[in-house]
Amino acid sequence: MKKTIVQTVMTMVVLCLITACSKGGEKNENEETSSDMHTYHVEIAGGETYKGSVPSYAPGVVEAYHPVSFVEYSEEISSKVLAGILQDVPGDFQFGIGLAMDDSNQPTIPESGVGITFGKRTEENKYGPAGPVNMTLKNYKEHDYSFAGEEGTVASFTLSFSGKFKLGADGEEVDVTGEIVVAAP
């Protein structure tokens, strides 16, 4: 029994070292989205500013990448869809995206899609588009992702946006500018 526990602990140590080495070796320092943090900075004209970061790797026995955005093909709109949520629990911030991607991997807000929403994580009402939103997607890269037996595609990128937004259905329109950086795994 004692030998089995020692073997198990040694195996876990070796796995942690392999994971740490493979994580460090895969990063490309030339990419702006290569970081240990997902970051956000959203400014509301005449109002609040949300700014912070969320670790891109969840701590634990074996570090696991914390995906923010998933990529899937939608038959309904005949294009790729970039969707996900960034949550900063201590910062009480939540950012959601649901964007269609054109053939050049540039985002658009589909007619029946979420688009961009953000606000306090603990409140029901979030800011959403109240008109056209100008968006620029830089350093977009797709990555194969596997966790707990499930496989999919995640994306890393820098999304800059500006436009008119309102808080909930009845909120007043305000000008918003922002940038979200989703780190690569």
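Results, tabulated for the structure shown:
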| quantity | calculated |
| --- | --- |
| Cα centroid separation, the range 62-110 to the range 116-185 (Å) | 7 |
| Partner aspartates and glutamates for LYS166 [C-alpha distance under 16 Å; skip if fewer than 8 residues away on the same chain] | GLU43, GLU48, GLU123, GLU124, ASP175 |
| Gain in span if fully extended, VAL174 to VAL89, counting 0.36 nm per residue against the direct Cα distance | 28.1 nm |
| Cα-based Rg / Dmax (Å) for the range 26-185 | 15.5, 46 |
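Every number in this text was worked out from the coordinates using simple rules, so none of it is lab data. Not measured: the values here are computed from a predicted model.
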